[in-house]
Amino acid sequence: MNFLEDVPAVRRIDTDRDDLLAVEIVGRVGAADAENLFGLLEAACALNSRIDVLVRLTDLEGVDWAAIAPETLEQGKAETARHVRRCAAVGDPDWTTAAQGRFRQAEPVEIRHFAAEDEASAWKWLGAREKPVKV
């Protein structure tokens with residue numbers, strides 16, 4: 001095992017809105033990454049009854065769906081259905097059409113796809129900005 005295998009695929013992005021969960025997903029998503037993602041979602045939903053979400057995909061190599069516990073997926077789906085208003089998906093692949101069918105509820109999640117080069121439009125649509133990383 002090399003040290004790069006321990007780098008998480010899901011990373012939270014700081015924003016100027018408390019009710020916006022923004023994440024970047026890089027590389028291959030495994031079970032621990034899914035747990036991390038749904039943990040971030042659960043925490044955001046615990047603090048806010050309704051949230052918006054931005055998902056930035058960077059060099060996505062795939063998702064190991066078989067390794068992710070079905071309970072984790074169901075919990076994430078339930079949290080999304082109860083709390084998410086809007087979701088901006090940035091980068092490829094465009095998974096928004098498939099997601100729309102999975103999250104049908106009384107108040108549907110509004111999901112839009114934005115090309116990586118049009119990320120600024122995604123932030124504008126959500127009425128938010130990414131906070132610069134302090135080094």
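The values are calculated or read from the model by the stated rules, or taken from the named source; none is laboratory data. Bear in mind the structure is a predicted one, so any value in this text is a computation, not a measurement. Neighbour counts run over all protein chains shown; Cβ positions are idealised from the backbone, glycine included. SASA here: full protein model, heavy atoms, side chains in, ligands and nucleic acids out. Shrake-Rupley method; radii C 1.70, N 1.55, O 1.52, S 1.80 Å.
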Looking at V63, V26, which one is over 26 Å from G127 (Cα atoms) and in contact (Cβ under 8 Å) with a residue 12 or more places away in the chain?
-> V63
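Take the residues in segment 42-75 that are within 24 Å of A116 (Cβ to Cβ) and assigned to a helix (DSSP H, G or I); name whichever of them is farthest from the chain's Cα centre (by Cα).
Going through segment 42-75, the residues within 24 Å of A116 (Cβ to Cβ) turn out to be 44, 51-65.
Still in the running and assigned to a helix (DSSP H, G or I): 44, 65.
Values: A44: 11, W65: 16 Å.
The residue in question is W65.
Can you go through N48, N36 and tell me which one is in contact (Cβ under 8 Å) with a residue 12 or more places away in the chain and in contact with a Pro (Cβ under 8 Å, 6 or more places away or on another chain)? Reasoning before the result, please.
Details: N48 fails: in contact with a Pro (Cβ under 8 Å, 6 or more places away or on another chain).
It is N36.
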For segment 47-90, what are the residues that are under 15 Å from I25 (Cβ atoms) and surrounded by fewer than 20 Cβ atoms within 10 Å (Cβ to Cβ)?
-> L57, T58, D59, L60, E61, G62, V63, D64, W65, G76
Out of segment 94-118, which residues are modelled with pLDDT of 70 or more, under 21 Å from L73 (Cβ atoms) and open to solvent by 70 Å² or more (accessible area, probe 1.4 Å)?
-> D94, W95, T97, P108
Positions within segment 8-39 being open to solvent by 50 Å² or more (accessible area, probe 1.4 Å), farther than 14 Å from V63 by Cα and assigned to a strand (DSSP E or B), in sequence order = R11, R12
For A66, are the conditions met, namely being aliphatic (A, V, I, L, M), within 15 Å of V109 (Cβ to Cβ) and at pLDDT below 95?
-> no
Enumerate the pairs (first residue in segment 75-94 and under 17 Å from W123 (Cα atoms); second residue anywhere and polar (S, T, N, Q) and not in a strand (DSSP E or B)) with beta-carbon separation below 6 Å, excluding pairs fewer than 6 apart on the same chain, so at least 6 apart or on different chains.
-> A89/T96
